[in-house]
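Right, one structure below, let's go through it.
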Amino acid sequence: HDQCIAFFLGKSETKSRKAGAGRERRTGKLALGRKGGEGLDPFMLSDQFFELWNQNDLPMLHLAAIQGFSKLSEPLEALLTILESCPGKQKGRNHTLGYHILMEFQTWIKEHPQVKLSSFSEDKAVDLQRRALGLLSDTNPTFRDSLINIYQVKSLDPSILRLYIVKLQALNCYKEAITLSIKLGLQTELNTMEMLVPVILQDKLPLAESFVKGHSELERQLVLLLDSWCHPDFNVEDIRKQFPHLSLSKHYTAQIQSKMLTRHVLRLMEKFKIDQRLCPNALHKRRLDSLRYLMFKTFGEKTMTEENWTDHVQYVVADDLLLQVHLVQMLVKYCSLQKASQWSLRYNIPKDQLPLGVWEAQQSLPPDLQQICLNDITQEKWVPPQSHWHKFYQVPLTKDKVHFVDRPETFHECQSIVLKEGGIVGVDMEWQPTFGCVSTQAVALIQLAVLDQVFLLDLCARGFRQQSDLVGFIRALFSNRNILKLGYSMTGDLKCLSATWPELSEEPLRMEGMLDLLRVHQKIQCQKVNRVQNGPREVLVGEDSAEKGLSLLVQQVLGKPLDKTEQMSNWEKRPLRISQIRYAVADAYCLLDVYSALSSNPASFGLPADLRSITSGQSETSKGKKQKEKQAKKTAQALGNEVTCQLGVLLNSQGCQNR
């Protein structure tokens, strides 16, 4: 703080003021009084403040300030002299002498409107403003804002303000420099990279975000900067050489990794509405992590079907040659040369980029195996095999009770049935998994289950999503308190609805008559815990169980879990497979069956007679999230480092398991 004042005002001037203060103190003039009719000496007032401050006598300090300010011949000039002579540094605190003096002055000046900067000559006013500027390195926002307002610092010549910011940076006061530049509105006047890089490297990315916010070009520069750091060849030492005075902790050096940076780039890309094509490095990193995750789910954990894996791999790899090569390399390692050669043929990967043995495997493939063949979906049957009946919950409906809604005629029929007063509707939604490449995806399918039938609103059908009265229907359904809507962890569904129709972000849905069975489930789990333990504890639904979320609730209430095999399907691909339709129908209709079973005997589950009274409950706790992250890491390690997927991708896909 003192360095900044000295640098800006000149060390000799600052020293002369301090020397003057010392001379006055040595004269012993510590009482309030006037000096030759010129008004109260500000150094005397400062000494009086200091003495009362040391005595911790704040009431007397307040009285001395009110009386003392009125006796000053030039209060605005005297205040700066007093603040410059205050011992100690503010450093953002609000319990220093300087802070209290400034707050007292701000109160006093409201009663004395005649005290204003315009009463000084232009040169004198600029001198006072420059002195006030020298005190603005303090990071306490109230202290800083008060000085800026009292001395109208923003009206100073921009070149003077820029010079001060540059000098703050020269003193390694990076946080103070960027905070003050934001307050003074200097963002477009300064070198963006010199302002952003130091604070980012000091683990202050939120400050960098505040600096660029509202300036589209600066927002773009920040995102592109972070994306450049996601490049495989990026080395933090190169940046460190540009800013040798920066002291980087080991903690943050570890954070400057492509994994963390990718997460920030994708978040800011959405926040600032940046074209994702401008961020190739972060997207490549996220897609590579997604590819590793898919390999793990299919060939490590063996919980993803061949059809789903194929759909998702094509989405993730797209036309990126590097990712296509990575895919073939992983297939060689974790699957077989035959499958690796099939995919290498599909993408026509150059021979010199193929792993060892793949080219030879291509040559030996018979013609009928050179194409990637999937099961014929026309062979699927609505009624699943007997083993499926024994293992999983089954919807008590025939295929003719499932209605695809993709044109006006079927939509009007759906409206007339779903919007009946006094009805109960199970609500669920499906969307394309993006594995973190896009944070929020548009809804592909809305399932609405009523007694004895299910409506599937196909938002991927041509032109159906744009139907004029579709959004009105959604609003009418969710806002009608006389229709009970059942859901399970609806937060993600509602977020995706807003991504589907922007008007739902501008004017959010009014939610009436909604029962989130996640809250009911948490109540059941809490009651279960209380029966075996002395007191309540935080409950993560699905903890210590093979089943999670809604599937666990269905198992606990109806006896069998849901089949979640198709959960991570490509829900935008048409036609949907029979197994996907069965899954979508079951996810919505099971809500009706669960509600019916719970309502018929709520006491046996430790629930109140009126389930609708359970309007709030625990959300997933931070402790629970850490447990999920720990378990996810342990599971991913089963396939080794090569297939250890990015944790953010894994958690993103696991998030929908609570639905």
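The values are calculated or read from the model by the stated rules, or taken from the named source; none is laboratory data. Note that the structure is predicted; figures quoted are calculated from it, not measured. Cβ atoms come from the backbone with ideal geometry, glycine included; neighbour counts cover every protein chain shown. Areas reflect the complete protein model, heavy atoms only, side chains present, ligands, DNA and RNA absent. Shrake-Rupley method; radii C 1.70, N 1.55, O 1.52, S 1.80 Å.
Indicate the gyration tensor shape class of segment 172-297 (rounded, prolate or oblate), computed on the Cα atoms with a ≥ b ≥ c the square roots of the eigenvalues: a/c under 1.5 is rounded; otherwise a/b larger than b/c is prolate and the rest oblate.
oblate
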Task: Local net charge near residue 372, Cβ-Cβ under 10 Å (Lys/Arg +1, Asp/Glu -1) - done: +1
Task: Cross-link table 399/564; 271/495; 285/573; 285/351, entries beyond 18 Å C-alpha to C-alpha - done: 399/564; 285/573; 285/351
Open item on the list: Explain nothing, just compute: Karplus ³J(HN,Hα) = 6.51 cos²θ - 1.76 cosθ + 1.60, θ = phi - 60°, for every residue of segment 81-87 in order, whole Hz, x for Gly and Pro.
Closed with: 4, 5, 5, 5, 8, 5, x
Open item on the list: Please list, ordered by chain and number, the residues whose modelled amide H lies under 5 Å from the amide H of residue 571; skip anything fewer than 5 residues away on the same chain.
Closed with: 432
TODO: State whether segment 268-358 is rounded, prolate or oblate according to the following rule on the C-alpha gyration tensor (a ≥ b ≥ c being the square roots of its eigenvalues): a/c under 1.5 gives rounded; otherwise a/b larger than b/c gives prolate, and the remaining case gives oblate.
DONE: oblate
Task: Whole-number percent relative contact order across segment 132-234, with pairs defined as alpha carbons under 8 Å at least 6 apart - done: 20 percent
TODO: Note down the accessible area of residue 231, probe 1.4 Å, to the nearest 10 Å².
DONE: 80 Å²
Task: residue 445 long-range amide H proximity, modeled H, under 5 Å - done: 430, 459
- [ ] Mind listing the long-range amide H neighbours of residue 404? Cut-off is under 5 Å, sequence gap 5 or more, other chains count too, H placed in the peptide plane at 1.01 Å from N.
- [x] 456
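Which order do 315, 99, 164 take by accessible area at a 1.4 Å probe, largest first?
Of 315, 99, 164, the descending order of accessible area is 315, 99, 164.
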- [ ] Could you tell me what percent of the DSSP beta bridges with both partners in segment 390-503 are antiparallel, to the nearest 5?
- [x] 65 percent
TODO: State whether segment 125-175 is rounded, prolate or oblate according to the following rule on the C-alpha gyration tensor (a ≥ b ≥ c being the square roots of its eigenvalues): a/c under 1.5 gives rounded; otherwise a/b larger than b/c gives prolate, and the remaining case gives oblate.
DONE: oblate
Open item on the list: Using the Karplus curve 6.51 cos²θ - 1.76 cosθ + 1.60 with θ = phi - 60°, what ³J(HN,Hα) values do you get for each residue of segment 587-599, in whole Hz, with x for Gly and Pro?
Closed with: 4, 8, 6, 4, 4, 5, 5, 5, 4, 4, 5, 5, 5
Task: Accessible area of residue 60 in the full protein assembly, 1.4 Å probe (Å², nearest 10) - done: 90 Å²
- [ ] Before anything else, pin down the relative contact order of segment 291-354: Cα pairs under 8 Å, at least 6 apart, normalised by residue count, whole percent.
- [x] 27 percent
Open item on the list: Below 18 Å, Cα to Cα, which aspartates and glutamates can residue 339 reach? Residues fewer than 8 away in the same chain don't count.
Closed with: 306, 307, 311, 360, 368
Task: Cα-based Lys proximity count in segment 89-223, under 19 Å, for pairs eight or more positions apart or on separate chains - done: 19
Task: Karplus-derived 3J(HN,Hα), 6.51/-1.76/1.60, for each residue of segment 105-110, Hz, glycine and proline x - done: 5, 4, 5, 5, 5, 5
Task: Gain upon complete extension [residue 224, residue 510; 0.36 nm per residue less C-alpha separation] - done: 99.1 nm
